[in-house]
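Notes follow once the structure below has been shown.
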Amino acid sequence: MEKILLFLLTFTILSCNSNKSEQMMNQKATEPITTIENAKKYISENFKNNKETLLISDELNDPVGINMAIIGNDILALGYNVDGFDQKEGYRIYKYKK
């Protein structure tokens, strides 16, 4: 009986930590990124899950796509593939998955 209670307590504690981690992950990026340097830094520090998103300001989306090619190179190096994007007012939400 003690082992069952210990297991349930451990499971409950781990579940709480998991929910907190998910909430923190959802709060990571709230403002669109406006520079290549900031995008590269954000990717290296935050891309850890199987699915990730990246908010990129429209001012960083150049007509030829060179800026996104530079940013995308870092993302591809981490093993992610493009999974689409959503256009919003003034920025795009790029989606990636491993």
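Values as computed for the structure displayed
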quantity	calculated
Residue within region 16-33 that is surrounded by 10 or more Cβ atoms within 10 Å (Cβ to Cβ) and at pLDDT 95 or above present	yes
Positions within region 45-87 being part of a strand (DSSP E or B), touching a helix residue (DSSP H, G or I) at 6+ places or on another chain (Cβ under 9 Å) and charged (D, E, K, R), in sequence order	E52
Of all residues in region 43-98 being within 15 Å of I33 (Cβ to Cβ) and of a type in the set (F, W, Y), the one that is most open to solvent (accessible area, probe 1.4 Å)	F85
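The values are calculated or read from the model by the stated rules, or taken from the named source; none is laboratory data. Bear in mind the structure is a predicted one, so any value in this text is a computation, not a measurement. Using ideal geometry, Cβ is built from the backbone for each residue, glycine included, and neighbour counts are taken over all protein chains shown. With ligands, DNA and RNA removed, areas are computed over all heavy atoms of the protein, side chains included. Shrake-Rupley method; radii C 1.70, N 1.55, O 1.52, S 1.80 Å.
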